[in-house]
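A.B. asks: First the structure, which I've put down as C-alpha cells, then a few questions once you've had a look.
Here, each number is a calculation from the coordinates, and none is a lab measurement. In this text the structure is predicted, and so the values were computed from the model without any measurement. With ideal geometry, Cβ positions are generated from the backbone for all residues, glycine too; neighbour counts draw on all protein chains shown.
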Amino acid sequence: MAYLQKNLYLFTSGLTATGEGPAYAIDQPNRHAPKNIGLYVTVASINTNVVVRLDGSIDGTNYAQLITGQTITGNGTQYYGLANTPVKYVKPVFVSEGGGTSAVVTFGLVAN
C-alpha cells in the first residue's frame, strides 16, 4: 500500500520588491491531488498598502489568477482560501506597494 501525503506546506522568503514569487508544483508523485489551497500572507514594514494575488496553472507555463488582487493595509498575517480548485502549480505574486518601498511580504501556502 502506497502512502500518499495529504498536506503540503510551502513558504517563500520575504519579498522586498514587487514581482512573482517562486512557482510550486503542488500535485506531485506520492501525493493525492490537492483541491484546496490556502494562502497566508504576512506583511511587515508596510507603508500604505500592498496588493497580492495567487496564480495557478495546470501546465507550469500558462497561469491564471486564482485569488485576485487583495489589498492589505496593515502589518500582520492575512488568510485567503480556495476550495475545489485542482491545479498542478501555484505562484504567489506581490503585485504592488503603495506609499513607499519598505514592505516585506512573505507567502505561506498549504495544499490538501
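A.B. asks: So between Thr77 and Ser96, what do we pick up on full extension, going 0.36 nm a residue minus the alpha carbon distance?
C.D. replies: Separation in residues times 0.36 nm, less the Cα-Cα distance, equals 5.1 nm.
A.B. asks: Could you tell me which of Asn75, Asn49, Ser102 has its Cα farthest along the dipole of the stretch 8-111 towards the positive end, charges placed at Cβ (Lys, Arg +1; Asp, Glu -1), taken about the Cα centre?
C.D. replies: Among Asn75, Asn49, Ser102, the one farthest towards the positive end of the dipole of the stretch 8-111 is Asn75.
A.B. asks: Suppose every Lys and Arg Cβ carries +1 and every Asp and Glu Cβ carries -1, with no other charges. What dipole size does the chain come out with about its Cα centre, to the nearest 20 debye? Don't skip to the end; give the middle numbers.
C.D. replies: Numbers: 6 positive and 5 negative charges, 60 e Å.
That gives a dipole near 280 debye.
A.B. asks: Additional query: Between Ala103 and residues 5 or more places away or on another chain, which pairs have amide H atoms under 5 Å apart, with H built 1.01 Å from N, and which residues are they?
C.D. replies: It is Asn47, by chain and number.
A.B. asks: Right, another one. Residue by residue, what Karplus-based ³J(HN,Hα) values in Hz, rounded to whole numbers, does the stretch 83-96 have, using 6.51, -1.76 and 1.60 with θ = phi - 60° and x for Gly and Pro?
C.D. replies: Listing the rounded values in order: 10, 6, 10, x, 9, 9, 10, 10, 8, x, 10, 8, 6, 7 Hz.
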